1. Name the single residue, out of those in the stretch 201-241 being over 27 Å from L30 (Cα atoms) and without any contact (Cβ under 8 Å) to a residue 24 or more places away in the chain, that is nearest to the chain's Cα centre (by Cα).
2. Among the residues in the stretch 59-68, are any farther than 19 Å from G38 by Cα and among the aromatic types (F, W, Y)?
3. When the residues of the stretch 127-156 are filtered to those that are surrounded by fewer than 22 Cβ atoms within 10 Å (Cβ to Cβ) and modelled with pLDDT of 90 or more, which remaining residue is farthest from T21 (Cα to Cα)?
4. Taking the condition of being touching a Lys or Arg at 6+ places or on another chain (Cβ under 7 Å), at pLDDT 85 or above and surrounded by fewer than 16 Cβ atoms within 10 Å (Cβ to Cβ), how many residues in the stretch 220-263 meet it?
5. Hey, among the residues in the stretch 71-105 that are of a type in the set (D, E) and surrounded by fewer than 12 Cβ atoms within 10 Å (Cβ to Cβ), which one's nearest to L30 (Cα to Cα)?
Amino acid sequence: MSKRPHIIAFGNEKGGSGKSTTAMHVFVALARRGLKVGALDLDLRQKSFFRYIDNRQNWCERKGVELILPERLSIESSTNPDREKSWAIEGERFNNAINTLSETCDVILIDCPGAHSNLSRLGHSRADTLVTPMNDSFIDFDLLARVDPKSFTISGPSVYAEMVWETRKLRAQIGLGPTDWVVVRNRMPLEDAANKRRVGEMLTQLSSKIGFRIAHGLSERPIFREMFLSGLTLMDLRDSGEQMDMSKIAARQEVRELMKTLNILPDVKPEAEPEPAPFAPPTPVAVGGPAISPPPAPVPEPLAGAAARDEDSEAKPAAAPEPKKRRFSIFERFGRSSA
């Protein structure tokens, strides 16, 4: 892992999409892999991410339990009436916080406000990975793209997609690498529905136009709302003494699948699962006769096709490199100019 920390921003200009809940679960999942995690909450009014962490710390003090906590720094908004000077002050405070956390942290999580602001743009521009949780509805989809209500075709990018596009260009101008943008479908209904399928199809169509990956996030489960007051996540339930039922196990698996899709730090080994107890089948006994020995374990068949596949792969010539494609603006991708 490089010395520069990996920065993950959670952004969506619509509130209630599950940014803070997703950020908290990503924090615990990374911390349980032995990484030092820093945290910034740029929503200076609500501070839902930091309130979640406060609840976690208070729960630990009440229960006498020690759980992992991030290293966090607070940023104050500028009160300067001049907008340009105010933005410069906030930018300096933001950069100082990033530099301070970079000295000790492997990963920095930034929870961006659910509104368009200067700090939100700064958070997006520094993101190595941008995670955009969205509810599975066309209300949230409207922030990404405009949709024709009759034909259900995408007519062009919307306000949030354009803002992300601009911050990615800014990031390239200052010499930082490309941002891996991941749109996470949160609060998905467990049952299959026509709206769910249609949103999925349109997200797939849009992802190729404006450049993001799609991940399945957290389903609509009461457990995600109930854990906020205790500051716990699904990764903590076993350590905190909570009873694990099938619903909680399924929800925790959703978090693990999300982390696999994000693939934030591929050189870090995933959290080890506890080994299940070995199962020894009972030896059947014949009534009134001698014991019947169990049948021998089946011997696996050799992988007969493996050698053939290797020979085929050696016989094929290496594919020629694809020609470098011209970079289009976000408007050109939808067949219109930026004018």
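The values are calculated or read from the model by the stated rules, or taken from the named source; none is laboratory data. Everything numeric here is computed off the predicted structure, so don't read it as measured data. Here Cβ is always computed from backbone atoms with ideal geometry, including for glycine, and neighbour counts include all displayed protein chains.
1. Quick first cut of the stretch 201-241, residues over 27 Å from L30 (Cα atoms) only: 201-206, 208-210.
Filter once more, so that each one left must be without any contact (Cβ under 8 Å) to a residue 24 or more places away in the chain: 201, 204, 208.
Working: E201: 20, T204: 17, S208: 19 Å.
Result: T204.
2. yes
3. Among them, the one singled out is D128.
4. Count: 0.
5. In the first step, residues of the stretch 71-105 are kept if they are of a type in the set (D, E); the result is 71, 76, 82, 84, 90, 92, 103.
Pick out the ones that are also surrounded by fewer than 12 Cβ atoms within 10 Å (Cβ to Cβ) and you get 76, 82, 84, 92, 103.
Numbers: E76: 27, D82: 40, E84: 37, E92: 28, E103: 18 Å.
The qualifying residue nearest to L30 (Cα to Cα) is E103.
Okay, residues lined up against (1) in a loop (DSSP other than H, G, I, E, B); (2) more than 26 Å from the chain's Cα centre (by Cα); (3) on the phi > 0 side of the Ramachandran plot:
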position	(1), (2), (3)
T22	no, no, no
R45	yes, no, no
R51	no, no, no
D54	no, no, no
I68	yes, no, no
W87	no, yes, no
N99	no, no, no
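This table checks each residue for (1) among the charged types (D, E, K, R); (2) under 21 Å from the mean Cα position of the chain (by Cα).
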| position | (1), (2) |
| --- | --- |
| E76 | yes, no |
| E90 | yes, no |
| V107 | no, yes |
| R121 | yes, yes |
